[in-house]
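Reviewing the structure listed below.
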Amino acid sequence: MSTDVNDIAVNGIEVNGIEVNGIGVNEEAVAAAMEIAAVTEPDPLVGLAVSLLKEIGEDPDRDGLRETPERFARWWREFTDYDPGTVATLFETTTTGQLVLVSGIEVWSLCEHHLLPFSCSISVAYRSTERLLGLSKFARIAHQHAHRLQVQERLVADIAADIIRITGSQDVAVVGHGEHLCMTMRGIRTSARMTSTSINGEFARAGLARDELLTLLNG
């Protein structure tokens, strides 16, 4: 015998208008209930933040810290779930072989050794083929690879590899100038800038292409 009820608890969530037949439950309603449960379930990062505060001698229930674990969790999710949008928009061009340089792309990433931030100013150069990469895509690609645990050397190599893949040009150079808080805030506690490069194709060989690249980078 079937029974219609207005409310039924599924995993602790009240779902309206579910028809119960024995132990069967409407599948769409169950899916909706599980989606709600996933949204309302506490983020595990909140518990980690509470434990961290306690370990360093703080009271997570005091004024000023009461909402800090939630903010901490939201920030980590925002950082790691970054969506760069479309990164592969290409435009037809009537000329080929031009050297294109985009500089001053400022990104923030996290040092995978200490989980401390580092800032990096990125410059990208490539020699165009039949199609040009949209200007904003350089920044989107850079941010995409910065929004994860990184080291600066891999960051510039990842950006270069993506631009080679998208544009089809092997002549790609990426230069990063970074300041790392794992050096500025801890250890020697001294500010310094580190430069990393990923130089590919004709730019890696002595010749006119390399000379032109160095002139633009130093200009």
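The values are calculated or read from the model by the stated rules, or taken from the named source; none is laboratory data. These numbers were taken from a predicted model, which means no experiment stands behind them. Glycine also receives a Cβ, built like all others from the backbone with ideal geometry; neighbour counts cover every protein chain displayed. Ligands, DNA and RNA are excluded from the accessible area calculation, which covers all protein heavy atoms including side chains. Shrake-Rupley method; radii C 1.70, N 1.55, O 1.52, S 1.80 Å.
Label E130 and E78 with points 7 Å out from Cα along Cα→Cβ: what is the distance between them in nm?
With each label placed 7 Å out from Cα toward Cβ, I get 4.3 nm.
Would you check the accessible area of L181, probe 1.4 Å, heavy atoms only, in square angstrom rounded to 10?
In the full protein context, L181 sits at about 40 Å².
Extending each Cα 7 Å along its Cβ direction at L216 and M185, get the distance between those two points in nm, one decimal.
3.6
At 1.4 Å probe size, what's the solvent-accessible area of R62? Round to the nearest 10 Å².
Ignoring ligands and nucleic acids, R62 comes out at about 100 Å².
Roughly speaking, what is the stretch gain from W108 to V151, that is 0.36 nm per residue apart minus the C-alpha to C-alpha distance, in nm to one decimal?
Details: separation 43, 0.36 × 43 = 15.48 nm, distance 1.15 nm.
Length gained, W108 through V151: 14.3 nm.
For H177, H147, H113, what's the largest-to-smallest order of accessible area, 1.4 Å probe?
Sorted descending by solvent-accessible area, the residues read H113, H177, H147.
May I ask you to compute the full-extension gain from M194 to F91, defined as 0.36 nm times their residue separation minus their alpha-carbon distance, rounded to one decimal in nm?
33.7 nm
What list of ³J(HN,Hα) values in whole Hz, one per residue of segment 164-180 in order, does the Karplus curve 6.51 cos²θ - 1.76 cosθ + 1.60 (θ = phi - 60°) give from phi, with Gly and Pro shown as x?
Values per residue, Gly and Pro as x: 4, 5, 6, 8, x, 8, 8, 8, 9, 10, 10, 10, x, 10, x, 10, 10 Hz.
Which FRET efficiency value, to the nearest 0.05, do you get for R165 and S119 by plugging their Cβ-Cβ distance into 1/(1 + (r/R0)^6) with R0 = 22 Å?
Efficiency at R0 = 22 Å is approximately 0.25.
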